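First comes the structure, then the notes that go with it.
The values are calculated or read from the model by the stated rules, or taken from the named source; none is laboratory data. What you are looking at is a predicted structure, and each value in this text was computed from that prediction instead of being measured. All Cβ positions, glycine included, derive from the backbone under ideal geometry; neighbour counts span all protein chains shown. Note: accessible area is taken over every heavy atom of the protein model, side chains too, but ligands, DNA and RNA are not part of it. Shrake-Rupley method; radii C 1.70, N 1.55, O 1.52, S 1.80 Å.
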Amino acid sequence: MPVTGSQLVAQAMARQGVDTFFFLMGAPMLQAERACLDAGMRGIDVRHEQAAAMMAHAYARVSNRPGVCMACSGPGTLNLGTGLANALVDCAPVVALGGSSPVNEYGRGAFQEFDQLAAMRPLVKWAERVYETRRVPELIDMAFRQALSGKPGPVYLDLPGDVLFGSVDEGDVVWPPQPGAATDRPRPAGDPRLVERAVELLAAAERPVVISGSGVLWSDASSALAAWINRTEMPFYTTPQGRGVVPEDHGSAFPNARSTALRNADVVLVIGTRLNYVFGHGKPPRFSPTVRLIRIDIDAAEIAAAPQVEIGIVGDARTVLEQLSEAAGDRITAAQYAPWTDHLRAIDREKAPAAEAQLSTDQEPIHPLRLCKEIRDFLPRDAILTVDGQEILNYGRQTIPTYVAGHRLNSGPFGTMGVGLPFGLGAKAAKPDATVLVLHGDGSFGLNGLELDTAVRHRLAVIIVISLNGGWTGDPKREKPGRELGYTRFDEMAKALGCAGEYVERAEDIRPALERAARAVAEGRPALVNVVTDWKARAQTVRFSASST
């Protein structure tokens, strides 16, 4: 029996266990998208392709499996680019399918003819084109394998129109030998000799610190990391994207003593994260000149790129953590670090009242810290929070904790603005029963704000809170060119699109507005709370680069 390339796309996706995809309709992908819908998958159509890639990114982060996005040929596929580049830097497994002009018309000026494969290669981990209809399932299987192998990342598969429209006999189709095998993740163990050296170094340490990142999430190593922290009581800190792997009210979390802990640590165990600008590249002044670094990473190239690391263990985070625990036996105990943890706990407790007092300000315009406090006190422990912007991103990072692995998303190391609402909708699609709140700056909201329409049409009931400070970043001197945006009534825009809308100018009105928004969400309606905040407020945070916005 003959089968088309479009039908094979749907069949191959079903074999990978895909239940949701994000797309913007258009040729030559229409028949493939229809076939996926007919196969029972949920298709969430968006208002801009970059939002589809971002939603797939968030879906992957929250569900811990590849997210899928699709786009039509030419500019449609190119519009996926920003979202895919963000996923690449964030190491998120996204499978992107792009329709393209027919192979049999290459070089003849076909409609939207463009070398999409060449354009996509710098933006993804792996990119390929299907030239034969019978190989569609084979290449889709390969795409999923590449997205998940080693360090995860986005992949792109180019699907020319004549490949999609062409038909072959079912007996000629190249099927992978095992359905769904592409999503089986290898878990390489670390070199036992290096694991033993790491245990010896940690056992001799007096002031250890654990740093973890998204690799713990992708490895599903949260329980293994929590077990290590519970057993050793080592102070721990995470990257902004890796938060929640251990609840942030854990007894070994000392957020107000972070700088002291990093600066004075004698041994640092780095698990599943790059030593990039977030942690000062693992060098002074963020760390002591004499600090000794142990690093666990699935990617040997990452360890090779950090010569300051004394012990580099290549392996799966969960597997290596289990190896460490077994090898440590009773050689590493919480008691040996008690003076160190007591010191950090004292600092944390000493600073906590002043930090809380800053959050409680009643000033007008509302300070962003007060907005963050109200959100913190409103959210349930298992809520998913996505944050996007400049000032509000930094304020939110400093003040709103996360308690569940994978439940915190932001623009990540690529600093891509506009991710907030798409991330929130992708997260809601992955976990429809979870409370999802998107905390946006007003500037960043404008980049993908029309995805409110997507939220309404697909009943993705999230709460969006906008810190409306009238422009890009805080600007006490009002001297930054292009900063001013005015005070847009995004709440009225939201109402026009079918959402609930709230407008807040006083601090005491924030919580009631959030509660009304929650009632709207309980009825299946997205809700937007537009909060006027202080345009002069500038978040104090560690300087990440030589320039700042």
Name every residue in region 377-390 that is open to solvent by 10 Å² or more (accessible area, probe 1.4 Å), of a type in the set (Asp, Glu) and in contact with a helix residue (DSSP H, G or I) (Cβ under 8 Å, 6 or more places away or on another chain), in order of residue number.
-> Asp377
All-but-one check, Thr290 against (1) within 30 Å of Arg187 (Cα to Cα); (2) out of contact with any Ser or Thr (no Cβ under 6 Å at 6 or more places or on another chain); (3) part of a loop (DSSP other than H, G, I, E, B), failing number (1)
Write out, first by first residue and then by second, each pair whose Cβ atoms fall under 6 Å of each other, whose residues are 6+ apart or on separate chains, and whose first residue, in region 473-487, is at positive phi while the second is open to solvent by 80 Å² or more (accessible area, probe 1.4 Å) and at pLDDT below 90.
-> Thr473/Thr549
Would you please list the contacts, defined by Cβ atoms under 8 Å and residues six or more apart or on different chains, that run from a residue in region 514-541 that is surrounded by fewer than 16 Cβ atoms within 10 Å (Cβ to Cβ) to a residue that is of a type in the set (D, E, K, R)?
-> Arg516/Glu502; Gly524/Arg459; Lys536/Asp475; Thr541/Arg397
Give region 252-274 a look and list any residue that's in a loop (DSSP other than H, G, I, E, B), within 19 Å of Ile347 (Cβ to Cβ) and in contact (Cβ under 8 Å) with a residue 60 or more places away in the chain, or say none.
-> Ser252, Phe254, Asp266
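If you go through region 84-115 one residue at a time, how many are open to solvent by less than 20 Å² (accessible area, probe 1.4 Å), over 30 Å from Gln241 (Cα atoms) and either touching a residue at least 40 places away in the same chain (Cβ under 8 Å) or touching an Asp or Glu at 6+ places or on another chain (Cβ under 6 Å) (or both)? Can you show your working first?
Within region 84-115, the first condition is being open to solvent by less than 20 Å² (accessible area, probe 1.4 Å), and the residues that meet it are 84-87, 90-101, 110.
If we keep only those that are over 30 Å from Gln241 (Cα atoms) too, we end up with 99-101, 110.
Okay, now just the ones that are also either touching a residue at least 40 places away in the same chain (Cβ under 8 Å) or touching an Asp or Glu at 6+ places or on another chain (Cβ under 6 Å) (or both), so 99-101.
Number satisfying all stated conditions: 3.
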Take the residues of region 396-440 that are assigned to a helix (DSSP H, G or I), open to solvent by 10 Å² or more (accessible area, probe 1.4 Å) and of a type outside the set (Gly, Ala, Ser): which is modelled with the highest pLDDT?
-> Lys428
Assess whether Ser360 counts as being farther than 26 Å from Tyr277 by Cα, of a type in the set (S, T, N, Q) and at pLDDT 95 or above.
-> no
Condition set under 16 Å from Lys428 (Cβ atoms) and either without any contact (Cβ under 8 Å) to a residue 60 or more places away in the chain or among the polar types (S, T, N, Q) (or both), scope region 13-51, selection surrounded by the most Cβ atoms within 10 Å (Cβ to Cβ): answer is Phe21
Okay, helices (runs of 4 or more DSSP H) sitting entirely in region 74-126 with 2 or more residues that are under 22 Å from Thr239 (Cβ atoms) and within 19 Å of the chain's Cα centre (by Cα), I get 81-90
Please determine, by comparing only the residues of region 303-361 that are open to solvent by less than 20 Å² (accessible area, probe 1.4 Å), in a loop (DSSP other than H, G, I, E, B) and out of contact with any Lys or Arg (no Cβ under 6 Å at 6 or more places or on another chain), which one is nearest to Leu194 (Cα to Cα).
-> Gly315
